[in-house]
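Some notes on the structure that comes next.
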Amino acid sequence: MAELRVLCWNIFHGRDAPPDPRLFTLRSRVWRVTERNATHVQVNRPLFAEFAAMIADARWSVCLLQECPPVWAAPLAKRCEADFQVVLTSRNQLAPARRRLARWNPDLIASGEGGSNVTLVRRPWTIAERRSELLNPFPRRGLRERRRMGLALIASGAAEVLVADLHATAGDESQAERDVRHGAEQAVAMSRGRPLLFGGDFNLRPSHSPVFAELQRRFGLASPTAPDAIDHLLVRGLRVVASPQRWPAERRELPAGPGRHLRLSDHAPLEAVFET
């Protein structure tokens, strides 16, 4: 029996997301001015060090990231002392130019920076095999919005688990359902009866989408995080020790001056513990 402690986080292209949307001003986006209110700041600068420290300090053996700047993958894995898989998603054409603009002004380019799903794996688990699956080769918004799912077979001693890291299409529920359904089919097929962890940002809420009941009925994948959640860790063939729970907002905040905080990402990290 082996423990699998999992962290899942959409890191918002490495940007901050204060709770007050009025801090996202035009002058901040264009001129990179730091905005403040009584409790939070909004910055427009690279935040690799802040994200890397928070991820590295968290307890996990497997970490699933979405909307991760591709250039972050290797240094983040090094900071976490982890093996890694990176799978490019969304907008990644003209990558060198996008990276330069993202370093200069992260909020101006936003999701146009490009993105990836990154799977990090810490010892005693290691990555034994890597694959990716194209989820929607011809979506409505064109090839720039292609989505790929990362598939990593991880091992610890005799234990093996297939880990699928998925970020489904945003803003189109029917397409997101197709992404998740297709991803689950491919992950189940590749698992070949092994335990399966199927997680990420599904952009679907169980309170609105029937796809979760379908995945449980067809594949035994359970259980979604919460009725209003869009980030999920579904499993089959694993015993749930601690069910998926979202971090409280303050846990992803850092001090940013007297009485103020910097809140990382517009998503809360999700964590759970399983056993093989």
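The values are calculated or read from the model by the stated rules, or taken from the named source; none is laboratory data. Please read all numbers here as calculations on a predicted model, not as lab measurements. Heads up, the Cβs are rebuilt from the backbone with ideal geometry, glycines too, and the neighbour counts pull from every protein chain shown. Side chains included, ligands, DNA and RNA excluded: accessible areas come from the protein's heavy atoms. Shrake-Rupley method; radii C 1.70, N 1.55, O 1.52, S 1.80 Å.
Some points to look at:
- The stretch 144-185: Cα Rg divided by the 2.2 N^0.38 Å rule of thumb: 1.45
- The stretch 145-247: relative contact order in percent, alpha carbon pairs under 8 Å with at least 6 residues between: 23
- Spin-label model, residue 208 to residue 241: label points 7 Å out along the Cα-to-beta-carbon direction sit 3.5 nm apart.
- Radius 15 Å from Cβ of residue 238, net charge of other residues (Lys, Arg +1; Asp, Glu -1): 0
- Only protein atoms count toward the accessible area here, which uses a 1.4 Å probe; on the stretch 125-276, the carbon and sulfur part of that area reaches 48 percent.
- With R₀ set to 30 Å, the beta-carbon distance separating residue 48 from residue 223 gives a calculated FRET efficiency near 0.35.
- Accessible surface, the chain, averaged per residue in Å² (probe 1.4 Å): 44
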